[in-house]
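> Structure provided below as structure tokens; questions to follow.
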Amino acid sequence: MSEPSATPAQMPRAENADDTAPVVLVMGPSGAGRATAIAALEDLGFEAIDNMPLSLIPRLLDGPPVSRRMALGLDVRNRDFSVDAVFALMKRVQCEVIYLDAREDVLVQRYSETRRRHPLAPQDAPLLGIRAEVALLAPIRKRAGYIFDTSTLTAQELITTLGGSFATGGAANLAITVQSFAYKRGLPQGVDLVFDCRFLRNPHWKPALRENTGLDVPVQDYVMADPLFDPFFDHLTGMLRTLFPAFKASGKTHLTVALGCTGGQHRSVTVAQMLAKALAQQGWEMSVRHRELDRHRSASLPLKGTST
């Protein structure tokens, strides 16, 4: 799929669409974005399973009632796939169908870009397999509650639209991790936003504080007494209050904010602790990690510091 939310006109909702059905079947021709949709629904709080054989689904659903909605990706490549079997499942279980679709020329282009063989025409041109699959799935498309045409969409746009239609009870909230680190050990991997705290005064040069960490109140008080701390912290929290809703609206479900200082023990830890507390009070879903402190703990090194 090309790096595919779309407008309501592009993704029509059937009159009988059920927004509360406990099971959502995600279907559509290969290359239309089913895998992207499954991953997006999982981020939205669904229990997601892709490419599950139809014959096993009744056994899955016959167990205890599920605590959250399920998203099941069905693929024509499964050995027991048939339209009749899908319709039989829909009669047995309350479910909704999300159908991912795309124009024929777009599907051909996506196959040419990936150089993959089409599952229904492994020895022939992808166009033959695409046409066979579209014809096979046509009856299911007519029964779909939602049809998502991804022909002109990016993956992120599809994710955003699914979030607007299928967010479940806050499950789509943006989860935020605040992480402290030491510049002398390099930037952390996979972070989204990085802020430098080395301009703040350093407790390392105070013998009474050197062996403590930013988890200790005396260190926090020392760092926060720096005249630059309050304006920096106010600007930082104000900027993040602006950015977080924008990231959430774009479909992002997790964001990591990294704060660095020289040793990753005092200043960055203090700011990370204060930032996580302030953001949690504003209602954001927060977690905190201190890379260097965690590294010392795992190595069983004598490093003081109690959580505050």
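> I want the local charge near P58. Using Cβ-Cβ distances under 14 Å, sum +1 for each Lys or Arg and -1 for each Asp or Glu among the other residues.
That works out to +1.
> Could I ask something else about it? What shape does the stretch 154-250 have by the C-alpha gyration tensor, where a ≥ b ≥ c are the square roots of the eigenvalues, rounded means a/c under 1.5, and otherwise prolate means a/b greater than b/c and oblate the rest? The partial results should precede the final answer.
Working: a/c = 2.86, a/b = 2.45, b/c = 1.17.
Prolate, because a/c is 1.5 or more and a/b exceeds b/c.
> Nothing charged except the Cβ atoms of Lys and Arg (+1) and of Asp and Glu (-1): what's the magnitude of the dipole of the stretch 160-292 about its Cα centre? Round to the nearest 20 debye.
280
> Right, something else. Just to check I understand the Karplus step: with θ = phi - 60° and J = 6.51 cos²θ - 1.76 cosθ + 1.60, what whole-Hz values come out for the stretch 124-134, glycine and proline as x?
In residue order, the calculated couplings are 10, 5, x, 4, 5, x, 4, 5, 5, 5, 4 Hz.
> Rounded to the nearest 0.05, what FRET efficiency do L136 and A175 have when you use their Cβ-Cβ distance and R0 = 35 Å?
The computed FRET efficiency comes out at 0.35.
> Let me ask something else about it. Could you state how much accessible area M224 has, in square angstrom rounded to the nearest 10, with a 1.4 Å probe and all protein chains kept in place?
Approximately 70 Å² of M224 is accessible to the 1.4 Å probe.
> Taking K91 as the anchor, which lysines have their alpha carbon closer than 20 Å to its alpha carbon, excluding any fewer than eight residues away along the same chain?
The qualifying lysines are K142.
> Also: In nm, what is the difference between 0.36 nm times the number of residues separating D294 and D105 and their Cα-Cα distance?
62.9 nm
> Within the stretch 184-224, name every residue whose backbone N is under 14 Å away from a label modeled 7 Å from Cα of A278 along the Cβ vector.
195-197, 224
The values are calculated or read from the model by the stated rules, or taken from the named source; none is laboratory data. Nothing here was measured: the structure is a model prediction, and the numbers come from that model. Quick reminder, even Gly has a Cβ in these numbers, built from the backbone with ideal geometry, and neighbours come from all protein chains shown. Ligands, DNA and RNA are excluded from the accessible area calculation, which covers all protein heavy atoms including side chains. Shrake-Rupley method; radii C 1.70, N 1.55, O 1.52, S 1.80 Å.
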